[in-house]
Amino acid sequence: MYNTKEIEKKWQKYWQDHQTFAAKTGDKKEKYYLLVEFPYPSGTGLHVGHARSYTALDTVARLKRMEGYNVLFPMGWDAFGAPAEQYAIKNHIHPKEAVKENIKTFKKQIESLGISFDWNREFATTDPEYYKWTQWQFLKFYEHKMAYKAKKNINWCPTCKTGLSNEDSAGGVCERCGSKVVQKEKEQWMLKMSDYAEDLLKGLDDTNFNKRVKLGQINWIGRSEGAEIDFEIENAKEKLKVYTTRPDTIFGATFMVIAPEHPILEKLKNKITNIDEIKKYQEYAKTKTEFERTELAKEKTGVKVEGIKAINPFTNKEIQVWISDYVMMNYGTGAIMAVPAHDDRDYEFATKFNIPIIKVIEGDTLPYIGEGKYINSGFLNGITKKEEAIQKMLEEIENRKIGNKKVNYRLQDWIFSRQRFWGEPIPLVYCEKCGWQPVPEKDLPVLLPDVANYEPTEDGESPLANIDEWVNTTCPKCGGKAKRETDTMPNWAGSSWYFLRYMDPKNDKEFVSKEALDYWGKVDWYDGGMEHTARHLLYARFWNQFLYNIGLVPNKEPINIRVSHGMILGSDGEKMSKSKGNVVNPNEVVEEFGADALRLYEMFIGDYEKDAAWSTNSLKGCKRFLDRVWNNGEKLNDKKGYTNESLVHKTIKKVTNDIKTMKFNTAISTLMILQNDYDDKESITKDELRVLVHLLNPFAPHITEEINEKYNLGKPLCESAWPKYDEEKTIDNTYELVFQVNGKVRGKETVNVDTSKEDMESLARQNPNVQKFTEGKEIIKVIAIPGKLVNIVVK
RNA sequence: GCUUGUGUGGCGGAAUUGGUAGACGCGCACGACUCAAAAUCGUGUGGCUUUAGCCGUGUGGGUUCGAUUCCCACCACGAGCACCA
């Protein structure tokens, strides 16, 4: 038989020695840029899920190369992040050491799968040569007033004295110590992503993302059309501005609700008679974690603001003002007009606190959300169409100058600060005299200090704040004493532009050369996990659009196609995890069955975009198929060409199309059908074997190259042109004509493709079994579809 | 709750400008080889009845000569978002 380990090693070395996968910037061939999300090199090593997506795009990459494209298929490491930092704190080593080790393991594992990455372009986000440019780009944001500092709440563990990500504070408790997480206000660097909401939405039209990916983006941006309307406050000059998508229901607005943090409370505190109670509620709202606000706060809470009243501008009636945490300060204006008859939340609130409810749209139940006839609504009465009522109301609001149309987005500005050690330092310094100053370009990168011992600070600052010799510096403007910003960038920063760097990874003069940007253009095909299709993709698009707007990149949208692969689950159908004991280690699979069998199986497992459960038996089936392909070598004859031409040409056509449309499983089953045909033959030609191993090569690159060489079928497959099919030869001369009576199959006959409808019909009538079912019955209709069937309808 | 996707044999899954449902693989059964087992090869494999047929793609209806495919209602499961006004 054959030794998978020897074969794999041999061909991996061949590809390395011949630089088979090196992409050439500026090459005359047409470019094709394939990208898989670079992994976080965790200590646990490669997951079979990584193998799935890498193999999938590797298959496409190998096909595209053989079709004559200059393929860029790079790989790198997204290596900043909390796990490396925590590991380092615990073991008193620098995180870069841990990262180095993990990358080594990961790389070795990926290489053992024979993925055709161009390793010449490898880098890690943690390389100073890389994060220099991440910092440089941050300064571009700063320079264009797209970065600013603002107070924001962070999840805070009072015991560990550290800020926590939402993931680390799931369930409202600190993941490490179990203490209750609270909200703490902190000054943070922000990127003005909300300015780009409309562009990020519109830009989707210039991409070929599939529906589910586009929807993810659209939901995240969350565009809504409505109006801002001013409500007067009795006895005060202040007006209360609300945002609503339903101005048509304003006659039913019987109270107002404002967010606990709303600034008007401070402005009107002298008029508010229950200010202590209000303050108490504000405190209560602040201590609530995100978890409590969503999970536990099923019941509405709130406090009536005594002493002030608002006026409904259309009914001119006094209405109550309440504060409640179901209104968010960071969306709209932080205040709403509540229409309890026609909004679930307002209804719940009004019933709980006995606030009047006025119906303005006819309907049987309360709250009634649907469309209907307007009542109790002055000039809107009698209208039945929502759109019409909204339009009329908007005109009236603008005529009376009490408000205007307004589009809102859920998309918020990007909180860009992290109080962590293991991230890109934000390259700014603070000078008492000159304020915030960017670090000059010549001083980039701002390196992380080489210390092995660092602990979180008492007050939630980054661990960097404790390292005096690093913090203290001079002001680039006045030369006086200054302090560095100690916050670092989020993990998302480095991954927001890495696809650009791959185009020109060694450049120490620019983040990417213009030449490389112009040559490689967009990422043609980007694959990643479902968990990244919302945020990461949005961040990357935002970052790129910003670079485009300041003239640094040639395309506004950086990615053409984005696909999201399904997960590989354990054999029990559950997500793989150590605790469940259902983890499959790709190393062990390669060891026992070989890389080709693993690759083939992961592509055969099912629909690429869906989750799939691991099955070692199915894997063995794929291995058996490879063995049968190998055994073809035993029965080669001296003849030339294909004995079953139409099957071969059909196979070439289907495999080619299926790979390009990600139907990897059916591509493989088509190859299995071809092999089954060869198995039925006494002997096969070299041409027949060559075409099979060629088509199989993108999936199983090692064994196919070995067979090709062993039987002198031709030059190495990776250096040969992809097989072409002849459309004419895929068409059969005959087909199996189906006879139906009343839609049921009653007989079949092989006929010539050009059999006329008349002949088809008479063949059907002559068929004994058809006669049996039509005998003594009245024939109403005969339908003849050439190439398919004849259906006789009887009564 | 909203948005969205998916429901096909014992299992993973094929097939949709509406036209032979179950390709391919796994598993299983029987047979060959073997002292025996594994591996391999061959045959069969949706269910029910057997010369032929009936039923069958989550459930109920509809359109059609013909529906896994189109339409309506419902059920189940998964994913994403989650008090966004």
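Per-structure values
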| quantity | calculated |
| --- | --- |
| Test: residue in the range A:744-763 that is within 16 Å of RNA strand B (Cβ to nearest atom), among the hydrophobic types (A, V, I, L, M, F, W, C), part of a loop (DSSP other than H, G, I, E, B) and in contact with a strand residue (DSSP E or B) (Cβ under 9 Å, 6 or more places away or on another chain) | yes |
| Qualifying positions in the range A:38-55 - over 18 Å from A:LEU600 (Cα atoms) and open to solvent by 30 Å² or more (accessible area, probe 1.4 Å) | A:TYR40, A:SER42, A:GLY43, A:THR44 |
| Verdict on A:ASN644 being touching a residue at least 40 places away in the same chain (Cβ under 8 Å) and either open to solvent by 10 Å² or more (accessible area, probe 1.4 Å) or under 30 Å from A:HIS50 (Cβ atoms) (or both) | no |
| Criterion violated by A:ASN637 - all others in (1) free of Cβ contacts under 8 Å to residues at least 60 places away in the same chain; (2) open to solvent by 10 Å² or more (accessible area, probe 1.4 Å); (3) within 10 Å of RNA strand B (Cβ to nearest atom) satisfied | (3) |
| Residue match in the range A:641-656 (condition: hydrophobic (A, V, I, L, M, F, W, C), within 13 Å of RNA strand B (Cβ to nearest atom) and over 25 Å from A:ASP527 (Cβ atoms)) | yes |
| Residue satisfying condition, being assigned to a loop (DSSP other than H, G, I, E, B) and surrounded by fewer than 20 Cβ atoms within 10 Å (Cβ to Cβ), within set A:LYS509, A:LYS483 | A:LYS509 |
| Any hit, the range A:187-202, residues being modelled with pLDDT under 90 and either open to solvent by 50 Å² or more (accessible area, probe 1.4 Å) or on the phi < 0 side of the Ramachandran plot (or both) | yes |
| Flag for A:LYS286 being assigned to a loop (DSSP other than H, G, I, E, B), modelled with pLDDT under 90 and within 15 Å of RNA strand B (Cβ to nearest atom) | no |
| Any chance A:PHE73 is under 24 Å from A:LEU517 (Cβ atoms) and open to solvent by less than 10 Å² (accessible area, probe 1.4 Å) | yes |
| Every residue from the range A:330-342 that is polar (S, T, N, Q) and either open to solvent by less than 30 Å² (accessible area, probe 1.4 Å) or near RNA strand B (Cβ under 7 Å from one of its atoms) (or both) | A:THR333 |
| A:GLU728 vs. criteria within 16 Å of RNA strand B (Cβ to nearest atom) and either part of a helix (DSSP H, G or I) or at pLDDT 90 or above (or both) | no |
| Residue in the range A:597-605 that is away from RNA strand B (no atom under 13 Å from the Cβ) and surrounded by 16 or more Cβ atoms within 10 Å (Cβ to Cβ) present | yes |
| Filter result (in a loop (DSSP other than H, G, I, E, B) and of a type in the set (Ser, Thr, Tyr)) within the range A:1-52 | A:TYR2, A:THR20, A:THR25, A:TYR40, A:SER42, A:THR44 |
| Residues of the range A:308-328 classified as more than 16 Å from A:ALA253 (Cα to Cα) and surrounded by 16 or more Cβ atoms within 10 Å (Cβ to Cβ), total | 4 |
| Residue that is farthest from A:GLN437 (Cα to Cα), among those in the range A:466-480 that are open to solvent by less than 30 Å² (accessible area, probe 1.4 Å) and not in a loop (DSSP other than H, G, I, E, B) | A:TRP470 |
| Candidate set from the range A:203-218 (those that are within 13 Å of A:LEU538 (Cβ to Cβ) and not in a helix (DSSP H, G or I)); member that is modelled with the lowest pLDDT | A:PHE209 |
| Residue count for the range A:751-795, restricted to those that are of a type in the set (S, T, N, Q) and open to solvent by 90 Å² or more (accessible area, probe 1.4 Å) | 1 |
| Search result, residues across the range A:764-773 that are within 12 Å of RNA strand B (Cβ to nearest atom) and over 11 Å from A:VAL790 (Cα atoms) | A:ASN767, A:PRO768, A:ASN769, A:GLN771, A:LYS772, A:PHE773 |
| Test: residue in the range A:658-665 that is over 29 Å from the mean Cα position of the chain (by Cα), more than 8 Å from RNA strand B (Cβ to nearest atom) and at positive phi | no |
| Residues (in contact with a Phe, Trp or Tyr (Cβ under 8 Å, 6 or more places away or on another chain) and open to solvent by 40 Å² or more (accessible area, probe 1.4 Å)) located in the range A:647-662 | A:LYS650, A:LYS653 |
| Residues within the range A:525-557 that are among the polar types (S, T, N, Q), surrounded by fewer than 22 Cβ atoms within 10 Å (Cβ to Cβ) and within 10 Å of the chain's Cα centre (by Cα), tallied | 0 |
| Count of residues meeting criterion [β-branched (Val, Ile, Thr) and crowded, with 19+ Cβ neighbours inside 10 Å] in the range A:234-248 | 2 |
| Any hit, the range A:706-713, residues being in a loop (DSSP other than H, G, I, E, B) and closer than 19 Å to A:THR656 by Cβ | no |
| Residues that are more than 7 Å from RNA strand B (Cβ to nearest atom) and open to solvent by 20 Å² or more (accessible area, probe 1.4 Å), drawn from the range A:614-634 | A:THR616, A:LYS623, A:ASN631, A:GLU634 |
| Given (1) open to solvent by 70 Å² or more (accessible area, probe 1.4 Å); (2) within 7 Å of RNA strand B (Cβ to nearest atom); (3) part of a loop (DSSP other than H, G, I, E, B); (4) not aliphatic (A, V, I, L, M), index of the condition A:ARG345 fails | (3) |
| Cβ-Cβ under 8 Å pairs, at least 6 apart or on other chains, the range A:243-269 side basic (Lys, Arg), far side near RNA strand B (Cβ under 9 Å from one of its atoms) and part of a loop (DSSP other than H, G, I, E, B) | A:ARG246/A:VAL339; A:ARG246/A:ASP343 |
| Filtered residue count, the range A:233-281, keeping only those that are among the acidic types (Asp, Glu) and farther than 15 Å from A:VAL305 by Cβ | 1 |
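The values are calculated or read from the model by the stated rules, or taken from the named source; none is laboratory data. In this text the structure is predicted, and so the values were computed from the model without any measurement. So basically every Cβ, Gly included, is an ideal-geometry build from the backbone, and we count neighbours across all protein chains shown. Heads up: the accessible areas ignore ligands, DNA and RNA and are worked out on the full protein's heavy atoms, side chains in. Shrake-Rupley method; radii C 1.70, N 1.55, O 1.52, S 1.80 Å.
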